[in-house]
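Each value in this text was obtained by applying a stated rule to the coordinates, not by laboratory testing. As the structure is a prediction and not an experimental result, all values here were calculated from the model. As a convention, Cβ positions derive from the backbone with ideal geometry for all residues, glycine included, and neighbour counts pool all protein chains shown.
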Amino acid sequence: MNRRHSFHSVKEPNADESGEPHRTIVLAVTGASGSILAVEMLRSLEADPRVGRIHLVVSPSALRVLAEETGASGRHELVEQLVGARSAKISLLAHEDIGASIASGSCPVDAMLVLPCSMGTLAGICHGMAGNLIERAADVCLKERRRLVLCVRETPLSLIHLNNMLTAAQAGATIFPVIPSFYNHPRTVADITRNYVHRILQHIGLPQPGAYQWGTAALAKDTK
Ligand SMILES: Cc1cc2nc3c(=O)[nH]c(=O)nc-3n(C[C@H](O)[C@H](O)[C@H](O)COP(=O)(O)O)c2cc1C
């Protein structure tokens, strides 16, 4: 029986307060600009009681960009550097370890996010290269028909980039470009970052309390 649609009222041991099984999420960080988005995502997933496990993979280029954009230095105690504390939920997996759990379809994963997703990793994923753990885990998501969200970032985009996005989308990935929204009137970079992360989490079935929702503000204005 599909456990998500079980009618049992008894809470399963591996379930959140609503009885849903805890989610397992892969967060892959690659060397595109926007590493603060990955930090915000990691913190949000860590704080979400519906998420039981986070497999974090950070490419060598992502470490370089993280250093540039956030001041994080190296792989040593990286989770502590990014989240501010140790976390029992987060396991940091080595980029080159193609023998890690998530390299196999037998490892249960609810969704994989590549945030930000470089054009290099996009190319590797859409051509099935599986040459490192990020590419392999993404390949597994596609073959197992699991949710794969590619938060691509580059500008301008070449024909190669556009074709690769099309190929990835046709294979089942969601292309979720790093593009901010402005209709929610963000005032700070933190507002933009939070809203973008909220949109991804909503997309994978983890809507966040306090997330901006178009229509509710307009409705409140209309009823004044
Ligand atoms: C500061 C910095 C910013 C970068 N920004 C981007 C970017 O926005 N998009 C992109 O595709 N590559 C960007 N790159 C280049 C990638 O890091 C590079 O292509 C790398 O090989 C990607 O490797 P990875 O996909 O394994 O992380 C950037 C590099 C640096 C140093």
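Once a ≥ b ≥ c are taken as the square roots of the eigenvalues of the Cα gyration tensor of the chain, is the result rounded (a/c under 1.5), prolate (a/b larger than b/c) or oblate (a/b not larger than b/c)? Rounded, since a/c falls under 1.5. For region 61-180, a Kirkwood radius taken over Cα pairs fed into Stokes-Einstein (37 °C, viscosity 0.692 mPa s) yields D = 215 µm²/s.
Rounded, prolate or oblate, given the Cα gyration tensor of region 37-116, with a/c below 1.5 counting as rounded? Here region 37-116 falls in the oblate category. The fewest-to-most ranking of 18, 61 by surrounding Cβ atoms within 10 Å reads 18, 61.
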